[in-house]
Ligand SMILES: [Zn+2]
């Protein structure tokens, strides 16, 4: 089975950057964990692809990047979190949403996500408070909204494509995307060329489904502009880093009153990780110990 990976490259004398991801395995894993129906698979998958590329572009080790989309549509809030290598995890509020296809036969991601809300990007690089940028949703199709985020919040002219192709058996047939970015030094001629390249490249799902690799997609995007250099190639996947310790800390942070009530009423706790559905069980004496720790805190 092909591994998912991200290629990053620069062209036009360093004035144009591109990231390309192929992420079939990652999105299929997300589908299996969250039991999403096709429109949810596409919405969550696109968000995971974007977060993975944006996390992979971070320089800070231990940095993490979160995309949160609250569009007011039936899917509810969508969250994706990437580490600095591009390994991602995510979830959406209502995975079982089903909507009729659009007239062109495509999944109606825009309606499922909604357009009455915001897309927020939270970058945590280990400082006291994280960097948060947010934009109002334009189309709810996610790729356009990511492009608007970069233009408005980071002042980087960006073309973004994200695609998830769902097969007849609802499994993921292809998934991936690209970010094509003009640095502030890029002149108008380069930007015009980029616009033409994006137009003639065609839909990302078509490129991926025809078997094009991220390297080949990079070449299609940057080749027409001139020489380019591949900077990195990183394997990525769906990774959840939850641990019992982390869940314990979350329970302790509930506070002593809540914990005492929980012990009294239920005598145990069964906590499910929202990213990977792993279940953590706590019996009464586990909870008593946590309560002792909470009182010390
Ligand atoms: Zn987990």
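The values are calculated or read from the model by the stated rules, or taken from the named source; none is laboratory data. Note that the structure is predicted; figures quoted are calculated from it, not measured. Don't worry about glycine lacking a Cβ; one is built from the backbone with ideal geometry, like all the others, and counts go over all protein chains shown.
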All but one of (1) surrounded by 17 or more Cβ atoms within 10 Å (Cβ to Cβ); (2) closer than 22 Å to residue 53 by Cα hold for residue 118; which doesn't? (1)
Run down 221, 194, 259 and say which single residue is outside any strand (DSSP E or B), closer than 30 Å to residue 288 by Cβ, in contact (Cβ under 8 Å) with a residue 12 or more places away in the chain and more than 18 Å from the chain's Cα centre (by Cα). 259
Could you check, for the stretch 141-150, whether at least one of its residues is buried (at least 17 other Cβ atoms within 10 Å of the Cβ) and assigned to a strand (DSSP E or B)? no
Is it true that residue 248 is part of a helix (DSSP H, G or I), in contact (Cβ under 8 Å) with a residue 12 or more places away in the chain and closer than 30 Å to residue 64 by Cβ? yes
Go through 35, 62 for me and flag whichever is at positive phi and at pLDDT below 95. 62
Under the condition of being loosely packed, with under 15 Cβ neighbours inside 10 Å and within 16 Å of the ligand (Cβ to nearest atom), which residue from the stretch 230-262 is nearest to residue 5 (Cα to Cα)? 241
Being assigned by TED's automatic domain parsing to the domain that holds residue 55 and modelled with pLDDT under 95 narrows it down to one of 157, 133, so name that one. 157
Only one of these is assigned to a loop (DSSP other than H, G, I, E, B), surrounded by 18 or more Cβ atoms within 10 Å (Cβ to Cβ) and in contact with a strand residue (DSSP E or B) (Cβ under 7 Å, 6 or more places away or on another chain): 186, 159. Name it. 186
Tally of residues being outside any strand (DSSP E or B), over 10 Å from the mean Cα position of the chain (by Cα) and farther than 16 Å from residue 24 by Cα across the stretch 42-83: 15
Restricted to the stretch 85-102, and to residues that are away from the ligand (no atom under 14 Å from the Cβ) and touching a helix residue (DSSP H, G or I) at 6+ places or on another chain (Cβ under 6 Å), which residue is farthest from residue 56 (Cα to Cα)? 99
Got at least one residue in the stretch 116-125 being out of contact with any strand residue (DSSP E or B) (no Cβ under 7 Å at 6 or more places or on another chain), at negative phi and not in a strand (DSSP E or B)? yes
What number of residues within the stretch 263-295 satisfy the criterion of being within 16 Å of the ligand (Cβ to nearest atom) and in a loop (DSSP other than H, G, I, E, B)? 6
Looking at (1) without any contact (Cβ under 8 Å) to a residue 40 or more places away in the chain; (2) crowded, with 16+ Cβ neighbours inside 10 Å, which is the only condition residue 276 fails? (1)
Does residue 217 satisfy the condition of being crowded, with 19+ Cβ neighbours inside 10 Å and touching a strand residue (DSSP E or B) at 6+ places or on another chain (Cβ under 9 Å)? yes
What is the number of the single condition among (1) within 16 Å of the ligand (Cβ to nearest atom); (2) at pLDDT 95 or above; (3) over 26 Å from residue 134 (Cβ atoms) that residue 219 does not meet? (1)
